[in-house]
1. Could you run through the range 8-32 and say how many residues are without any contact (Cβ under 8 Å) to a residue 24 or more places away in the chain and touching a Ser or Thr at 6+ places or on another chain (Cβ under 9 Å)?
2. Considering every residue within the range 43-50, establish whether at least one is in contact (Cβ under 8 Å) with a residue 40 or more places away in the chain and over 16 Å from Pro6 (Cβ atoms).
3. If I ask for residues that are at positive phi and either touching a Phe, Trp or Tyr at 6+ places or on another chain (Cβ under 7 Å) or at pLDDT below 75 (or both), which ones from the range 345-385 would you list?
4. Among the residues of the range 206-231, what is the count of those that are closer than 23 Å to Leu367 by Cβ and either polar (S, T, N, Q) or part of a helix (DSSP H, G or I) (or both)?
5. Go through the range 190-205 and count every residue that is crowded, with 21+ Cβ neighbours inside 10 Å and either outside any helix (DSSP H, G or I) or over 8 Å from the mean Cα position of the chain (by Cα) (or both).
6. Being of a type in the set (A, V, I, L, M, F, W, C) and free of Cβ contacts under 8 Å to residues at least 24 places away in the same chain is the filter here; which residues of the range 184-204 pass it?
7. How many residues are under 28 Å from Asp230 (Cα atoms), free of Cβ contacts under 8 Å to residues at least 40 places away in the same chain, part of a helix (DSSP H, G or I) and aliphatic (A, V, I, L, M) if we restrict to the range 153-183?
8. Restricting to the range 76-89, give me the number of residues that are surrounded by fewer than 18 Cβ atoms within 10 Å (Cβ to Cβ) and free of Cβ contacts under 8 Å to residues at least 60 places away in the same chain.
Amino acid sequence: AVADSPAGAAREADVVFTMVSDDDALKEVYFGERGIAEALRPGLVCFDCSTVSPELSMRIHEQLQAKGAEFLDAPVTGTKPAAIEGRLGFMVGGDGEKLEQYRGILLAMGSEILHMGPAGSGAKTKLANNMINAINMAAFTEGLVMAVKAGINPEAFVRVVQLSGAYSRMFELKREKILNGDYSVESELKLTAKDLRLAVSQTAALGIPSPLLHTADTLYRLAAEKGLGDLDVSAITRMYEEWADTSVVRSSGTSEPDDAAAGSSERRKSFRVPLNIDLQVSIYQWEKEGAFTGQSIKATLLDLSEDGMKIASDVPLAMDMFVVIHFPKESQLPPITGKIIRIDHKGDTFHYGCLISGIAPYTRIQLESYIKNILEKRFSQRSRK
């Protein structure tokens, strides 16, 4: 039977299951217009299988208890194939007796149910588990791209991983998709990026260091910014392939990369953003072995693309010189190094095309955010005029 609202569904049910994308969606389902909260009554049991913040799970648990209803956070492990085949694993936080009472319903969808502790424990477990999954995915991709760039056959390398301590469940699930260039969705990359943001908040609240988590958070946010968010989580491989200028797809693979996403990447490389920002540039000149001389000049950043920038100055420079770009203080950007690969003489001014490479992922995100803010301000000023 189909209901016209979450409240309508809950009124006709003894047990309610929810599984939505994020905190906002879950709050809307429970507390939005005609949400489940309108149908709460003593005895109603609600299982939430979403990956959301533990704080939200505990808050909903408290609010439902006040109405005599029960809430258990029960996120799952397993992607689309496991859901179809009824092989999901449930990690449950909340009343253990209620869980045992309704275990049979969960077993209709899954193969294992684990009680992790009081309310919020399922959500906490899921974030820690997803953090490991994301790190394993990135680690395999990074190693694979490194091997292929060095001339190793991708299938041979995958076999080595399979026989070694580098093996992981994520490797097992995603290796064929990566080797075939098949990024059809089993678990969306943007949801992994969301889960990592929640995990970062959780480690901050606990006051514990998490360097690998923070690196993974940066990587997946950058991949989502590159337009890979709607593809499978394994599509993070595409970002590494772009950085390394190589492909890990097996030569006999029949699956073709998604044309829209590939086209988006190519357009982004060729598209140049006009900026005209005044900045300081440090110029370094090789003098002799182990020695450089340098000077600082004023310049204008004319435009920027994915892998290069054009600066203008009235100071003559030479090909292959290295320049260090110092952005305005408000950008909070570190200095970025570029190599002069093109020189155009425009009257009394020189335009220098600079290749930039080796930028850390986090710096790329900062740079993109800075550019976005500049363009938004300009658009806003034009709109007011």
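The values are calculated or read from the model by the stated rules, or taken from the named source; none is laboratory data. Computed from a prediction, not measured in an experiment: that's the story for all the values here. Neighbour counts are summed over all protein chains in view; Cβ atoms, including those assigned to glycine, are modelled from backbone coordinates with ideal geometry. SASA here: full protein model, heavy atoms, side chains in, ligands and nucleic acids out. Shrake-Rupley method; radii C 1.70, N 1.55, O 1.52, S 1.80 Å.
1. 1
2. no
3. Gly358
4. 17
5. Looking only at that region, the number is 3.
6. As a first pass, look at the range 184-204 and keep what is of a type in the set (A, V, I, L, M, F, W, C): 185, 189, 191, 193, 196, 198-200, 204.
Listed by number, the residues that qualify are Val200, Ala204.
7. 3
8. 6
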